[in-house]
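J.: After the structure tokens below, expect a handful of questions from me.
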Amino acid sequence: MDIEIFHKGIVLLRLDLWGIDISITNQVLSMWLATFAIFIVLYLGVLKTKIIPGAWQNLVEAAYELFEDNFKDTLGEHGRAFVPFLFTLFLFIFSASFLSLIPAVPAIYTNINVTASLAIMVFVFCQLIVLKNRGPLGYFKHLIPEGVPPYLFGLIIPIEILGQLARPFSLSIRLFANNLAGHTVVFVLLSLLLVFKSIWIVPFPVLGSILVSSFEVFVALIQAYIFSYLSATYIADSLG
Amino acid sequence: MHNFMRDAGRASSIAIELVVPVVLGAAIGIWLDGAVRSCPLFLIIGTVLGAVAGFWNAYKIIIRLDKG
């Protein structure tokens, strides 16, 4: 298998919009599959809501409440409105990572374009929150820490802007690297079957890849939590 | 457990948030030097500002981790 296909995906339908490549690849289908899976799970939970919830409604409500309880201290009172956004982010990252463990379902987070898109979306969202709450002048005042004398403003603002620009890199590279590492290890282990071409070697790469894939479920959960938690801290910083 | 994961998430940012501003500062410096033809003035300024920004980011994360 070509490593380039492993990362870029296989083009299923070539589409072009004013020179921008918007082709449908197997990774795009994987994203749609993850979105559809989340939609079905959540929709079934809220389809027929009752005072005494059924099993599915209970599951969805418990998951949301657990998530909200974990994040309410970080976000504060004004930030609770952003819990649905963060919950969606968490579910999308976890479900896409989890589904990628199924053979033939491509791993979308091994493509840095996907992780960078999510990170840039969070970054732009945070900047828009500051702009909406404080206005353009307040945006630059927000960058300046308390107690800084006015003659240092010209120096502090570029430093803070550079510091803020590190956040989308941090979010995207962490998610990308963790997913890529896990899938590369499984790929290398299974490639040993082709390298050695011996039936005696079969149990070791197969068992190894099963163990690593099992560990990848844990990694998927942790990375989804860390991504959404750090997004919550950035949103809380933006709210002031 | 979730406190451990939160701290792990914050701590895992330190390395990237320390290095990325330096690289970005240097990249912006190189671009400005190319535009104004003043090599290596803006490269040095950009790298220094980036390094300060990187250490400031790392400091903020460590203080948050310390507060818990």
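J.: So is A:L89 out of contact with any Leu (no Cβ under 8 Å at 6 or more places or on another chain) and either at pLDDT below 90 or farther than 15 Å from A:L29 by Cα (or both) or not?
T.: So A:L89 does not fit the description; no.
J.: State which residue is surrounded by the fewest Cβ atoms within 10 Å (Cβ to Cβ) when the search covers only the range A:77-101 and only residues that are farther than 23 Å from A:S23 by Cα and of a type in the set (V, I, T).
T.: At the first step, the residues of the range A:77-101 found to be farther than 23 Å from A:S23 by Cα are A:77-91, A:94, A:98, A:101.
Within this subset, residues satisfying the condition of being of a type in the set (V, I, T) are A:83, A:88.
Working: A:V83: 20, A:T88: 14.
Looking at the filtered set, the residue picked out is A:T88.
J.: Could you look through the range A:148-169, keep only residues that are in a helix (DSSP H, G or I), farther than 14 Å from A:F123 by Cβ and among the aliphatic types (A, V, I, L, M), and pick out the one that is nearest to the other protein chains (Cβ to nearest Cβ)?
T.: A:I159
J.: Mind checking which residues of the range A:214-240 are within 14 Å of chain B (Cβ to nearest Cβ) and of a type in the set (G, A, S)?
T.: Result: A:A220, A:A224, A:S228, A:S231, A:A232, A:A236.
J.: Yes or no: B:G25 assigned to a helix (DSSP H, G or I) and surrounded by 14 or more Cβ atoms within 10 Å (Cβ to Cβ)?
T.: Judged against the criteria, B:G25 is a match.
J.: Further, regarding this structure: If you take the residues of the range B:28-48 that are in a loop (DSSP other than H, G, I, E, B) and touching a helix residue (DSSP H, G or I) at 6+ places or on another chain (Cβ under 9 Å), which of them is nearest to A:T233 (Cα to Cα)?
T.: The extreme case among them is B:P40.
J.: To continue, here is another question. Of the residues A:N133, A:N111, which single one is surrounded by fewer than 16 Cβ atoms within 10 Å (Cβ to Cβ), touching a His at 6+ places or on another chain (Cβ under 9 Å) and closer than 21 Å to A:S231 by Cα?
T.: That would be A:N133, the only listed residue that is surrounded by fewer than 16 Cβ atoms within 10 Å (Cβ to Cβ), touching a His at 6+ places or on another chain (Cβ under 9 Å) and closer than 21 Å to A:S231 by Cα.
J.: Ok, one more. Can you spot a residue in the range B:7-19 that is part of a helix (DSSP H, G or I), more than 10 Å from every other protein chain (Cβ to nearest Cβ) and modelled with pLDDT of 90 or more?
T.: no
J.: Moving to a separate point now. Go through (1) outside any helix (DSSP H, G or I); (2) facing chain A (nearest Cβ under 10 Å) and name the single condition B:A51 misses.
T.: (1)
J.: Check the range A:135-149 and report whether any residue there is on the phi > 0 side of the Ramachandran plot and more than 21 Å from the chain's Cα centre (by Cα).
T.: yes
The values are calculated or read from the model by the stated rules, or taken from the named source; none is laboratory data. What you see is a predicted model; the values in this text were computed from it and never measured. Virtual Cβ from ideal backbone geometry, glycine too; neighbours counted across all protein chains shown.
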